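These notes concern the structure reproduced below.
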Amino acid sequence: MPIGVVVFPGSNCDHDVAHVLSAVCGADVRMLWHRSHDLEGADALVLPGGFSYGDYLRAGAMAKVSPIMAEVARFAREGRPVVGICNGFQVLVEAGILPGALVRNRDLRFICRDVTLRVEQTDSPCTSGYSRGQVVRFPIAHADGNYQADADTLKRLEDEAKVAFRYCASDGTSASSRDDAHNPNGSANAIAGIFGEHRNTLGLMPHPERCAEEILGNADGRPFFEGLVAALAGVA
Amino acid sequence: MTGEPEVTAALAEAHGLTAEEYERAVKIVGRTPTYTELGIFSVMWSEHCSYKSSRIHLGRLPTEGPQVVQGPGENAGAVDIGDGLCAVFKMESHNHPSFIEPFQGAATGVGGILRDVFTMGARPIALLDSLRFGPLTRPRNRYLLSQVVAGIAHYGNCMGVPTVGGEVYFADIYNKNNLVNAFCVGLAESARLFKGVAKGVGNPVMYVGAKTGRDGIHGATMASEEFGADEEKRPTVQVGDPFTEKLLMEACLELMAGDHIEGIQDMGAAGLTSSSCEMASRAGTGVHLDLDLVPCREEGMVPYEMMLSESQERMLLVAKPGHEDQVREIFAKWELEAVTVGVVSDDGRLKLTFRGGTVADIPVRQLADEAPKYDRPVAAPSWIEALHGLDVEALSEPADFGEVLGDLLASPTIASKSWIFEQYDHMVRTNTAVLPGSDAAVLRIKGTDRFLALSVDCNSRYCLLNPYAGAAMAVAEAARNVVASGARPLGITDCLNFGNPERPEVMWQFAMAIEGIADACKALDTPVVSGNVSFYNETMGLGIYPTPAIGMVGLIEHGRRPVTLAFKDDGDLVVVVGATHDDLGGSEYLAVWHGREQGIPPMLDLETARKANDAVLKLMDLGLVKSCHDVSEGGLAVALAECAIAGKIGVQVGLSTQGLRRDALLFGESPSRFVLTVAPANGDMLESVLAETGVPFEVVGWVRGERLQIGVDRALTIDRPVADLGEAYDTALERALEAGG
């Protein structure tokens, strides 16, 4: 059950995701160079964080035209698992695989710190290892993570239960507005992660790969990857 | 070469060469140098590149030890960390550019130090910074801090190298000369370190990375002069492109995983000039370059500009014969140029041709190794006695010690730096086991059961008052910080920031500081493996405090886990290791509460320092220590508060003055002290182990409740809710930055 990690020029969480998938979860990982059209038999794809193309022009705007993105889009349309983390989420949004946009943080600064999230849905590979409403602590590290979409899109995301993770207080209370202290970047509806059309695609700004080992003081992100690996094993 | 200005003694002087230096250059080339040659001599013999004022002193630093894999002289130093791995590290200043253009100055400082580390074949795993600014009450300083932090974040975050720690101090003296020192640590296999050598006559010399532009010409020379009143130096600052450097790093590391090159060097200060000269000089060879082949960003660039440009994100390498195609292929994958621009020769000369003519022909050894060396006059400053003469007894003791504690915790030098480090990606690469804000940053080494602990320290007020003691204390504090996290100190890099070396009192400060570093490094067994000297941190005759920043690398072994400063559990016993003396001189308390930067700084006894470190490490080996924190600025009261704030839990301690003033007991900064906690059940064992070491210690209280309560001589002297202290500590920097902003 190989999992492909897509590497763009400027990706910098590619090694981290690969480390968690292979060393922690025992998965077979293929690093997929952005210029390739070959997914090397991967059964799931992860687009990692970083600064693809230096985030020049706009985060994710250049990476979306990399040759491999045609294959990523096809793979997603086939209903197979595609996960975008941080810059990977930005790329999926720019490519139109996920709706909405990620704009500059409310306070205009890069933010790197732990935040608390509520797991909103558990019927997808990466969220199946959590219970619904569970509060987890993941780090964020971004300057452009402020999720915005038009009113219709937001309504559809909510109505169709496509919000995967939401920023919240440590007791699970939702951030009430974009200015709430528990909403780190000003995202609409405190959205931290969303599903695409068929829940096979998932994008999120927080970094589960940075909190998947006890030795780093937090393993809340481990079920995220274990869930993905287990789902692929189930398919086989 | 037609069109080049005529070289005269006056032009040489305008290039910063003295009359004697110019004469020496004429003698070396055996004729009037060409314009390009003059440019080359001026940068190679600048203070920044030649270390002409510092070299005779630097030789006193200890650089050897069984742990040293690579000492000074290469792009970075390295120490052994077991399993055939080494930590490769160096710290460098980017002070002058960061005052003129703080964002790009700081960004390219980070870019430069990263290149120094990955040039060695090491993957950078951590960055730290040592910063100095004037007080945040001035708008200009708020601007400088915000932009320096943004610049560091811009570069480090994009590179995917975590910025895991550092230090920031504020003092008036840095108003016109802020300091930006960047410290980078990488990991490599000891057997696969790469060096900056032009080995193998006939081998191709290749230029890789970004194109050469007109930016940064004379940057090295600028860094070797004082600032005047209103000079426009902006064009000498380089502009960084971290994305290109990320590609360059990945390409270089991929290249170095194979067997394609003989040597490689970063084009940093003095760009193509210093890289080609130094590589040839180290290997005892020559280098011939055809400048028509140098990739240029702008039309019409002339040899002088190409050789002096400090455009970023470039490297020079010497490929193995027949491996040029592989080099080109790897760089093409990363969308970078790799161009053969010359060849290694056996004539020991740097020979440059352009449009069919020879524009420079200089013997490399004389240029690189036989640069001028000065034994500059040294004299203790006359004002130092006056600074020492502080009558502590004449200072009134505060009425409310709790208020003093609150003010100290909110002093920007002591306050939490979270506003800064939250703008840095400090977790990428998933190794950061102890986040910024503890004594040392701790990174796990994947594939082993070990951790690296990193710290950077310097109390420049101490160095002003006593450069020998201050510099020794910088080493000792850096060591204590890594010890507090559970690590054995292994080695240091130093970044020596001073004023104008042509002034005897500055040279005296420098010479004394070198002695202090040397003695402390010998006593603590931490050789100096790399470093950097930055002179001329001076504006209109006013020099900075001597600021020898020390970057320390330590190793946590034997399967032990790192220890943090945060108090852990209610009931844990609080122990102070080390003795408290009457050490108010030069303290943060005197500066913040009494407005005095005066007195005799604490006297560090190196034997005591070593013993205290060993005792704490012994306790760590036995698994007895639940939290540990070094006592430094703000003294015991601030150290206790920091542990309580980090642990979000209260503490009750009782201290006795035993002849000391209460402010000296609470806020004095006696070195070689730790605050640590132990589970009550292990208290007896801890006491007997410590008693055996002979290091003084006292069990002063326990972790309890939600308040910080300190009794002195059985009278409750400080009693504050930890949450309130935490609020003051956590928000002070942001409040200072927003004030009037």
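Matching residues to (1) under 15 Å from A:Lys162 (Cα atoms); (2) surrounded by fewer than 24 Cβ atoms within 10 Å (Cβ to Cβ); (3) more than 14 Å from chain B (Cβ to nearest Cβ):
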| position | (1), (2), (3) |
| --- | --- |
| A:Ala95 | no, yes, yes |
| A:Asp107 | no, yes, no |
| A:Asp114 | no, yes, no |
| A:Cys126 | yes, no, yes |
Keeping to the range B:347-384, report how many residues are part of a loop (DSSP other than H, G, I, E, B) and under 25 Å from B:Tyr51 (Cα atoms). 14
When the residues of the range A:1-13 are filtered to those that are at pLDDT 95 or above and over 18 Å from the mean Cα position of the chain (by Cα), which remaining residue is farthest from the other protein chains (Cβ to nearest Cβ)? A:Pro2
Unique residue being touching a helix residue (DSSP H, G or I) at 6+ places or on another chain (Cβ under 7 Å) and either of a type in the set (Val, Ile, Thr) or touching a residue at least 40 places away in the same chain (Cβ under 8 Å) (or both) when the list is B:Gly111, B:Gly65: B:Gly111
Does the range B:83-104 include one or more residues that are part of a loop (DSSP other than H, G, I, E, B), at pLDDT below 95 and of a type in the set (S, T, N, Q)? no
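Go through the range A:14-33 and report how many residues are part of a loop (DSSP other than H, G, I, E, B) and either touching a Cys at 6+ places or on another chain (Cβ under 7 Å) or away from every other protein chain (no Cβ under 14 Å) (or both).
Going residue by residue through the range A:14-33, those that are part of a loop (DSSP other than H, G, I, E, B) are A:25-28.
After this cut, where a residue has to be either touching a Cys at 6+ places or on another chain (Cβ under 7 Å) or away from every other protein chain (no Cβ under 14 Å) (or both) as well, the list is A:26-28.
The total comes to 3.
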Return the total of residues in the range B:285-301 being outside any strand (DSSP E or B) and at pLDDT 95 or above. 6
Among the residues of the range B:718-728, are any under 19 Å from B:Glu633 (Cβ atoms), under 35 Å from the mean Cα position of the chain (by Cα) and not hydrophobic (A, V, I, L, M, F, W, C)? yes
Picking from B:Ala469, B:Ala453, B:Ala484, B:Ala478, the residue that is closer than 27 Å to B:Leu590 by Cα and under 16 Å from the mean Cα position of the chain (by Cα) would be B:Ala478
Residue list for the range B:1-25, filter: more than 17 Å from B:Ile217 (Cα to Cα) and surrounded by 16 or more Cβ atoms within 10 Å (Cβ to Cβ): B:Val7, B:Glu21, B:Tyr22, B:Arg24, B:Ala25
Yes or no: the range B:400-407 includes at least one residue that is in a loop (DSSP other than H, G, I, E, B) and more than 30 Å from B:Val483 (Cβ to Cβ). yes
Can you go through A:Ala59, A:Ala63 and tell me which one is within 14 Å of chain B (Cβ to nearest Cβ), surrounded by 18 or more Cβ atoms within 10 Å (Cβ to Cβ), farther than 30 Å from A:Gly234 by Cβ and free of Cβ contacts under 8 Å to residues at least 60 places away in the same chain? A:Ala63
One residue is enough: does the range B:181-188 have a residue meeting the conditions in contact with a His (Cβ under 7 Å, 6 or more places away or on another chain), at pLDDT 95 or above and away from every other protein chain (no Cβ under 14 Å)? yes
Being surrounded by 16 or more Cβ atoms within 10 Å (Cβ to Cβ), outside any strand (DSSP E or B) and at pLDDT 95 or above narrows B:Val675, B:Val689 down to just B:Val689
Looking at (1) within 16 Å of B:Glu254 (Cβ to Cβ); (2) over 36 Å from the mean Cα position of the chain (by Cα); (3) of a type in the set (D, E, K, R), which is the one condition that is false for B:Glu337? (2)
Please work out if B:Arg282 is more than 14 Å from chain A (Cβ to nearest Cβ), without any contact (Cβ under 8 Å) to a residue 40 or more places away in the chain, buried (at least 17 other Cβ atoms within 10 Å of the Cβ) and of a type outside the set (A, V, I, L, M, F, W, C). no
Enumeration of residues in the range A:66-89 that are closer than 17 Å to A:Asn185 by Cβ and within 14 Å of chain B (Cβ to nearest Cβ): A:Ile85, A:Cys86, A:Asn87, A:Gly88
Could you list, in sequence order, the residues of the range B:487-525 that are in a strand (DSSP E or B) and within 17 Å of the chain's Cα centre (by Cα)? B:Pro489, B:Leu490, B:Gly491, B:Ile492, B:Thr493, B:Asp494, B:Cys495, B:Leu496, B:Asn497
Reported set for the range A:148-182 where residues are without any contact (Cβ under 8 Å) to a residue 24 or more places away in the chain, touching a helix residue (DSSP H, G or I) at 6+ places or on another chain (Cβ under 9 Å) and either closer than 17 Å to A:Ile111 by Cα or buried (at least 16 other Cβ atoms within 10 Å of the Cβ) (or both) is A:Ala175, A:Asp180
Would you mind stating whether B:Glu299 is farther than 19 Å from B:Gly112 by Cβ, without any contact (Cβ under 8 Å) to a residue 40 or more places away in the chain and acidic (Asp, Glu)? yes
Can you pull out the residues in the range B:138-180 that are more than 14 Å from chain A (Cβ to nearest Cβ), surrounded by fewer than 24 Cβ atoms within 10 Å (Cβ to Cβ) and part of a helix (DSSP H, G or I)? B:Pro139, B:Arg140, B:Asn141, B:Arg142, B:Tyr143, B:Asp172, B:Ile173
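The values are calculated or read from the model by the stated rules, or taken from the named source; none is laboratory data. Predicted model, so just to flag it, every value in this text is computed and none were measured. Quick reminder, even Gly has a Cβ in these numbers, built from the backbone with ideal geometry, and neighbours come from all protein chains shown.
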